[in-house]
1. Using modelled amide H (1.01 Å from N, peptide plane; none on Pro or chain starts), what sits under 5 Å from the amide H of residue 161, excluding residues fewer than 5 places away?
2. Report, in deg cm²/dmol and to the nearest 500, the calculated mean residue ellipticity at 222 nm for the chain, where each DSSP H run with n ≥ 4 adds -39500 (n - 2.57) and the sum is divided by the residue count.
3. Could you do me a favour and compute the accessible area per residue for region 42-154, 1.4 Å probe, result in Å²?
4. Output the relative contact order of region 54-102, whole-number percent, from Cα pairs under 8 angstrom with separation of 6+ residues.
5. For helix 180-189, what angle does its Cα long axis make with the longest principal axis of the chain, in degrees from 0 to 90 and rounded to 10?
6. Using θ = phi - 60° and the Karplus form 6.51 cos²θ - 1.76 cosθ + 1.60, what ³J(HN,Hα) does each residue of region 201-213 get, whole Hz, x for Gly and Pro?
7. Compare 23, 107, 181 in a GNM of the chain, Cα atoms joined below 10 Å, and give the one with the largest fluctuation.
8. Determine the shape class of the chain: with a ≥ b ≥ c the square roots of the Cα gyration tensor eigenvalues, call it rounded for a/c under 1.5, and otherwise prolate if a/b is greater than b/c, oblate otherwise.
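The values are calculated or read from the model by the stated rules, or taken from the named source; none is laboratory data. The structure presented is a predicted model; accordingly, all values stated were derived computationally and were not measured. Because the Cβ atoms are built from the backbone with ideal geometry, glycine has one as well, and the counts that use them run over all protein chains shown. The area values use the complete protein model at the heavy-atom level, side chains included, leaving out ligands, DNA and RNA. Shrake-Rupley method; radii C 1.70, N 1.55, O 1.52, S 1.80 Å.
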Amino acid sequence: MKFPYIYPDPESRRLRAALSEDSGLESDHILVGCGADELIDLIMRCVLEPGDKIVDCPPTFTMYEFDANVNGAVVLKVPRNADFSLNVEEIARVVELEKPKCIFLTSPNNPDGSVISEEALLKILDLPVLVVLDEAYIEFSGQESRMKWVKQHENLIVLRTFSKRAGLAGLRVGYGAFSSSIIKYLWRAKQPYNVSVAAEIAACAALQNPTYLENVKEALVQERERLYKLLQEVPFLRPFPSYSNFILCEVTSGLDAKKLKEDLAKMGVMIRHYSNKELQGFVRVSVGKPEHTDALMKCLKHYS
């Protein structure tokens with residue numbers, strides 16, 4: 001790596017130009033961050049005054065609520081339907097009644113992998129609220145990113161990341177698409193050297209290898225389908241269809257989800273367990289290589 005002793009370009013011009021080519025959206029609509037997490041916090045700092053409200057749709061990514069609390073905002077929760085789809089009617093009612101500044105949506109959603117339909121998103125974009133659409137897992141969904149929509153919808157922000165797409169989670173590179181009227185305020189508040197030299201080089205290298213990224217994604221999606229079918233055969237698990245790189249499962253037959261996680265850990269297999277009330281009795285399995293799936297299924301067969 002050349003010049004690690006020199007501060008990074010505060011405008012990340014090389015990376016934004018590469019992202020523009022990748023997305024088909026002009027670079028003056030794109031801002032990069034130290035992970036999408038930094039951009040979530042930056043948006044809140046620019047948009048919210050203490051006491052302002054945001055809409056959150058749990059179960060979902062917990063950083064929205066975390067950052068809202070840090071920024072002194074009030075979190076209005078509109079729980080998802082039983083199939084994890086958005087309750088659009090209730091969102092519309094809450095927006096009209098409470099007048100929140102913004103709503104955070106994830107598609108595919110974390111932790112269940114469901115996607116937001118175009119119809120539902122358009123209905124929400126018609127509401128008088130800033131819509132932040134987090135597409136951290138979009139590559140695995142078969143859907144096109146809505147980054148270009150920011151030119152038609154002034155109240156839309158689309159966030160993406162290299163963490164999953166290119167396996168660069170440890171280097172922290174996220175990016176967002178913003179309308180011209182919003183992005184100018186974020187430029188004023190952004191930390192000047194937020195994306196490191198190493199992170200920018202790695203992200204640009206990833207974008208120069210689209211075939212490799214596509215092959216890895218295809219292999220993962222193929223393995224996700226195999227894992228889903230195998231999990232359907234496990235008598236004490238109810239897996240949910242996923243458009244992401246993980247599968248959420250309800251633990252049935254009176255088994256304890258936390259105990260299942262702990263017992264599998266003793267066998268050398270790690271899965272995710274949730275303690276929040278919306279996901280009581282659920283576990284989440286990440287999609288790995290075929291040998292990882294095989295190891296998990298072997299442990300589940302021995303489990304009783």
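1. Close amide H contacts, sequence-distant or interchain: 175.
2. That comes out to -12000 deg cm²/dmol.
3. I get 43 Å² per residue for this part.
4. 41
5. It works out to around 90 degrees.
6. 4, 5, 5, 5, 4, 4, 5, 7, 10, x, 5, 4, 4
7. Of 23, 107, 181, the Gaussian network model singles out 181 as fluctuating most.
8. Oblate, because a/c is 1.5 or more while a/b does not exceed b/c.
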